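First comes the structure, then the notes that go with it.
The values are calculated or read from the model by the stated rules, or taken from the named source; none is laboratory data. Given the structure is predicted, the values throughout are model-derived calculations rather than measurements. Every residue, glycine as well, gets a Cβ built from its backbone with ideal geometry; the counts of neighbours run over all protein chains shown. Calculation scope for accessible area: heavy atoms of the full protein, side chains included, ligands and nucleic acids excluded. Shrake-Rupley method; radii C 1.70, N 1.55, O 1.52, S 1.80 Å.
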There are 2 protein chains.
Amino acid sequence: MNNGVNTGDAPKNFHSLRERILERRDLFPKRLSQVAAFALDNADEMAFGTAASIAARAHVQPSTLVRFAQSIGYAGFSDLQAVFRERLRERPSTYDERLEALRNDANRDSSVAILGGVIAAAQYSVESVSSAIGSQAFEKAVKALAAAETIFLVAQRRSFPIASYLAYTLGKLKVKNQLVSSPFGIESEQMAFATPRDAAIAISFSPYAAPSMEHARVLSQAGVPVVSITDSAFSPLVPLSQHWFEIAEADFAGFRSLSASIAFALALAIAVGEERTRIKK
Amino acid sequence: MNNGVNTGDAPKNFHSLRERILERRDLFPKRLSQVAAFALDNADEMAFGTAASIAARAHVQPSTLVRFAQSIGYAGFSDLQAVFRERLRERPSTYDERLEALRNDANRDSSVAILGGVIAAAQYSVESVSSAIGSQAFEKAVKALAAAETIFLVAQRRSFPIASYLAYTLGKLKVKNQLVSSPFGIESEQMAFATPRDAAIAISFSPYAAPSMEHARVLSQAGVPVVSITDSAFSPLVPLSQHWFEIAEADFAGFRSLSASIAFALALAIAVGEERTRIKK
DNA sequence: ACGGAGGTGGAATAAAAATTCCAATTATTA
DNA sequence: TAATAATTGGAATTTTTATTCCACCTCCGT
């Protein structure tokens, strides 16, 4: 007595539901595919809306929603909706909320509170990178760097760890690079070898270290394409750069981590490495 | 015609609702405080449950929920619930989900996909730090480091950026430190000054760089307390350390970012700085 | 072009849920 | 301690929401 519908094998979690829908993508009749597409694109709506409201937004009848649910194996729409609701429960809380909670925390200046705060700030910063970076800009910068013979790395003080990480990673990827920084004061001599066929990555955050600015200026004037990683559109690095990226690191008690910047730097390095292998082929 | 209830001033978002409830905490009669407490502690339940199910879990009658909502200014329970639901909409999706989406992405090996993948992995790593680090262990390590005269920093290759960041940050915090790394091969001489009144932070990830191990061993044998940051409980650093922390960085296409480690390092540095000022007082 | 199976819209119905109301209980004040 | 007000529990009611059902349409094969 199951009306030709497979009951009992309905997906129990969102992940498998998604897979089920995807694998049957082409088997659904018109209105049901409409629902399928809407469901996967508007998972939140599916979790919160009523059958009527969802039906309206998906331009179908409520009864179609019920049929859709049944065609997947659920008893009705309510069972299907339960899966979408369950999904939301597993989500972590937002970082704003977590930082908020820390601010009101009783033992706020214990070591553990500091750890929690720094982590939350880092989390927030990393999160914001994905939305802040434009994809065309990133692609262009990658292409420019991949075309370079040698990549010069400019950074001082707080930004230095990022440059040293780039030096390490690029080296691993067999991308020739030169860290413009030494205890001997021979930066100028290092840069003297730079030509327009090379490129540079300059990293500096407020307060912008004077030597970094100077190095970036020298390279820029030598016709070397400069890609900048900085923290503001008004950074003095911007006018010296062909490509620039703004990474906003959230602060905790005045301290800014480098989590977002270092993740971005890694992505940049990998992307350049990938692009290189693609060119060679 | 408002039955003595202030309508129209009901909080519109979760944040202000929370504040409203908190500030009236003591004005609520018994059952209503019960609901208030349950609502703030089980925000997810409030979003998804029905009046009946929530009432049951909070050990009150459904009508009490309605009264609670009205006492805050809403027309009824449904309006109150809408606020809890809205809150869930703003949450970001989980990192598992995002990585999953990237794997199935059409343009999976474009530069942008790499950026997205690295960011998601970093996000995941940072997230996991907070749950992986024990609070007592952290406090103890901070105390040990705060008591030290000089903090020696041991790291090579991939871990080096973290050590250099620690050197910078600790310096800013006026905590005396010594980066055990130089282009001159004088590391042994640097470490010769170390005494049991000092301390060390050793950072190494698989594959563990031989010089780092050697340095950590020398310091450990000189009676210097060693705090290690590494990626496994079986790391060769562990037996050499008084305190050790395991930071699991998620990888993207085989590359591991340092986002989590660097956030952890910053937290450690700040906590040590804080502890120092507390001791001096 | 015809017949039929599968698909669809929409009204009718059933189920579930929120809200209201009132009697009972518990606090408060004189 | 009695009178009164506030709070509460729970059944009754209303509203909202999901589901079912059936007439009609569409597309496919002959």
What is the antiparallel percent of DSSP beta bridges lying wholly in chain A, to the nearest 5? 10
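Between A:R89 and A:Q190, take the C-beta separation as r, use R0 = 60 Å, and let me know the FRET efficiency to the nearest 0.05. Numbers along the way, then the final one.
Numbers: r = 55 Å, r/R0 = 0.92.
After rounding to 0.05, the efficiency reads 0.65.
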Taking the Cα centre of the protein assembly as shown as the origin, how large is its charge dipole in debye, to the nearest 20, when only Lys and Arg (+1) and Asp and Glu (-1) carry charge on their Cβ atoms? 380
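Express as a percent, rounded to the nearest 5, the fraction of DSSP beta bridges in the protein assembly as shown (both residues included) that run antiparallel. Provide the component values of the computation, followed by the final result.
Values: 4 of 34 bridges.
Beta bridges within the protein assembly as shown, antiparallel portion: roughly 10 percent.
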Filter the chymotrypsin sites (Phe, Trp or Tyr not before Pro) in the range B:158-201 down to the DSSP loop ones having no more than 13 other Cβ atoms within 10 Å, then list what survives. B:F184, B:F193
Would you mind checking the tilt of helix B:210-221 against the longest principal axis of the Cα atoms of chain B, expressed as 0 to 90 degrees and rounded to 10? 90
Rounded to whole Å, give me the distance from the Cα center of the range B:53-96 to that of the range A:32-95. 20
Considering the options A:L80, B:S188, B:S130, tell which one lies farthest towards the positive end of the dipole of the protein assembly as shown, charges being +1 on Lys and Arg and -1 on Asp and Glu at the Cβ, about the Cα centre. A:L80
In nm, one decimal, shortest first: how far is the label point of A:D251 (7 Å from Cα along Cα to beta carbon) from the matching points in the other copies? 3.7
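Per 0.36 nm of contour for each residue apart, how much would the distance between A:E246 and A:Q221 grow if the chain were fully extended, relative to their Cα-Cα spacing? All intermediate terms of the calculation are to be shown ahead of the outcome.
Working: separation 25, 0.36 × 25 = 9.00 nm, distance 2.23 nm.
Roughly 6.8 nm would be gained on extension.
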Relative contact order of the range A:14-89, pairs being alpha-carbon contacts under 8 Å that are 6 or more residues apart, as %: 31
Hey, what angle do you get for helix A:160-172 against the long axis of chain A, alpha-carbon based, 0 to 90 degrees rounded to 10? 80
With both bridge residues required to lie in the range A:133-280, what share of the DSSP beta bridges run antiparallel, to the nearest 5%? 10
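Provide the packing ranking of B:264-271, B:147-154, i.e. peptides ordered by the mean count of other C-beta atoms within 10 Å per residue, highest first.
Details: B:264-271: 26.9, B:147-154: 21.1.
Final packing ranking: B:264-271, B:147-154.
For the range B:14-89, what is the charge dipole size about the Cα centre, in debye to the nearest 20, if Lys and Arg each add +1 at the Cβ and Asp and Glu each add -1 at the Cβ?
Numbers: 11 positive and 8 negative charges, 24 e Å.
In total the dipole reaches around 120 debye.
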Treating the angle as unsigned and between 0 and 90°, give the value, to the nearest 10°, between the Cα long axis of helix B:30-41 and the longest Cα principal axis of chain B. 40
List the distances, in nm and shortest first, from the label point of B:A210 to the matching label points in every other copy, placing each point 7 Å from Cα along the Cα-to-Cβ direction. 4.3
Flagged as over-length at 24 Å C-alpha distance, from B:K140/B:K172; A:K176/B:K172; A:K140/A:K172; A:K172/B:K172; B:K140/B:K174; A:K176/B:K176, the pairs are A:K176/B:K172; A:K172/B:K172; A:K176/B:K176
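Once the piece of chain linking B:Q61 and B:E149 is laid out straight, how much longer is it, given 0.36 nm per residue of separation minus the C-alpha distance between them? Please list the in-between numbers first.
Numbers: separation 88, 0.36 × 88 = 31.68 nm, distance 6.24 nm.
Length difference between fully extended and current span is 25.4 nm.
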Would you work out what percent of the accessible area of the protein assembly as shown, with all protein chains in place, is carbon or sulfur (probe 1.4 Å)? 52
Quick calc, A:D26 & B:K172: beta-carbon distance into FRET formula, R0 35 Å, rounding 0.05, result 0.05
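I need the calculated FRET efficiency for the pair B:A75 and B:D96, taking r as the beta carbon distance and R₀ as 51 Å, to the nearest 0.05. Numbers along the way, then the final one.
On the way: r = 39 Å, r/R0 = 0.76.
About 0.85, to the nearest 0.05.
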Distance between Cα centroids, the range A:209-281 to the range B:180-255: provide it in whole Å. 30
In what sequence, largest accessible area first, do B:E139, B:E187, A:E189 appear using a 1.4 Å probe? A:E189, B:E139, B:E187
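Can you tell me the length gained on complete extension of the stretch A:S33 to A:A82, counting 0.36 nm per residue apart and subtracting the Cα distance? List each step's numbers first, then the result.
On the way: separation 49, 0.36 × 49 = 17.64 nm, distance 2.00 nm.
So the chain would gain 15.6 nm between A:S33 and A:A82.
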Taking a ≥ b ≥ c as the square roots of the Cα gyration tensor eigenvalues, with a/c under 1.5 meaning rounded and otherwise prolate when a/b beats b/c or oblate if not, the range B:14-89 comes out rounded
Indicate the gyration tensor shape class of chain A (rounded, prolate or oblate), computed on the Cα atoms with a ≥ b ≥ c the square roots of the eigenvalues: a/c under 1.5 is rounded; otherwise a/b larger than b/c is prolate and the rest oblate. prolate
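So what's the back-of-envelope 222 nm ellipticity for chain B, counting only DSSP H runs of four-plus at -39500 (n - 2.57) apiece and dividing by all residues, rounded to 500?
Details: 13 runs with 154 residues, N = 281.
Value at 222 nm, helices only, nearest 500: -17000 deg cm²/dmol.
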Ordered shortest first, which distances in nm separate the 7 Å Cα→C-beta label point of A:I279 from those of the other copies? 5.2
How far apart, in nm, are two points set 7 Å out from the Cα along the Cα-to-Cβ line at A:H15 and at A:R197? 5.0
